[in-house]
Amino acid sequence: LVFIDPMPSAQEIGALYTDAYAGATAGYFAKVPEKMRRARRRARALARHAPQSADDGHRRFLDVGCNGGFMVEAARELGFSATGLDPDPVSVEWARQHYPANHFVGGTIEDFDPGAQRFAAVYCSEVIEHAPEANRFVAAVAALMAPGATLYLTTPDIAHWRRPRDVTRWNAFAPPSHCLYFNPRNLTQLLAKHGLEVFRRRLSFKPGIKLLARRRA
């Protein structure tokens, strides 16, 4: 595990995620068709492994770090009751305007309280590397997952064979926004510590980890 020292303060983190995608309507959010195609592929892969429904009949989906809400909308199209969570107020507002059939919440997973609701499927893409307290982050994710629920998680891979030897030339090396850099082994160990068992790794040509993990009953 590689981490930055010192970690950013709560105030510094808050400043990083106020309009994190500055100018996004002309850039990041302008690529909606491509992002929706990828979101639909990933949502289908996640849905195949998620429990069918909760006791009340709802099959719930949560995107931790939802940015523009693309995965949330893709999950809704598959029949999920879908929620997106993001600390960036500009992203949350954009998602609410463009995908109003879904539920979007501003804030972090550590502070998120959905009451008694638990989720059958959780998506967390390129987010965990931003969390200065990895154990607290994963514990919060696991606590919101129903028994047998599935997590789809991606993050940069510090040990990947295509990662530049000079880490400062790697586009995923972005301190202080990125606090943590995992490899597959230590990320698997971290998830297991919180009751999440990795059952599938997806091939990643770029220096990243893509995995599916199941919450033990």
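In the context of the full set of protein chains, residues of the chain present 51 Å² of accessible surface per residue (probe radius 1.4 Å, heavy atoms only).
Rounded to the nearest Hz, the phi-derived 3J(HN,Hα) couplings of the stretch 118-128 under the Karplus curve 6.51 cos²θ - 1.76 cosθ + 1.60 (θ = phi - 60°) are 10, 10, 7, 9, 10, 10, 9, 10, 6, 10, 4, where x marks glycine and proline. The calculated 222 nm mean residue ellipticity attributable to helices in the chain amounts to -8500 deg cm²/dmol, summing -39500 (n - 2.57) over DSSP H runs of n ≥ 4 and dividing by all residues. Listed by chain and number, the lysines whose C-alpha is less than 29 Å from the C-alpha of Lys31, apart from same-chain residues fewer than 8 away, are Lys206, Lys210. Using the Karplus relation 6.51 cos²θ - 1.76 cosθ + 1.60 with θ = phi - 60°, the per-residue 3J(HN,Hα) values for the stretch 149-160 come to 5, 10, 10, 10, 10, 10, 6, x, 10, 5, 9, 5 Hz, with x marking Gly and Pro.
Neighbours of Arg37, meaning other residues whose beta-carbon lies under 15 angstrom from its beta-carbon, give a summed charge of +4 when Lys and Arg score +1 and Asp and Glu score -1. Looking at the chain, the DSSP beta bridges with both ends there are about 45 percent antiparallel.
Using a ≥ b ≥ c from the Cα gyration tensor of the stretch 51-152 (square roots of the eigenvalues), is it rounded, prolate or oblate, where a/c under 1.5 gives rounded and otherwise the larger of a/b and b/c decides, a/b for prolate? It is oblate, given that a/c is not under 1.5 and a/b is not larger than b/c. Here the contact order of the chain, divided by its residue count and restricted to Cα pairs under 8 Å and six or more residues apart, works out to 20 percent. Distances between placed amide hydrogens fall under 5 Å for Val122 paired with Leu62, Thr150, Leu151, Tyr152, all partners being 5 or more residues away or on another chain. With a/c under 1.5 counting as rounded, go ahead and sort the chain into rounded, prolate or oblate using the C-alpha gyration tensor (a ≥ b ≥ c being the square roots of the eigenvalues; past the cut-off, prolate if a/b is larger than b/c, else oblate). Rounded, because the longest to shortest axis ratio a/c is under 1.5.
The values are calculated or read from the model by the stated rules, or taken from the named source; none is laboratory data. Not measured: the values here are computed from a predicted model. Counting neighbours? That spans all protein chains shown, and the Cβs are built from the backbone with ideal geometry, glycine included. All accessible areas refer to the heavy atoms of the entire protein, side chains included, with ligands and DNA or RNA removed. Shrake-Rupley method; radii C 1.70, N 1.55, O 1.52, S 1.80 Å.
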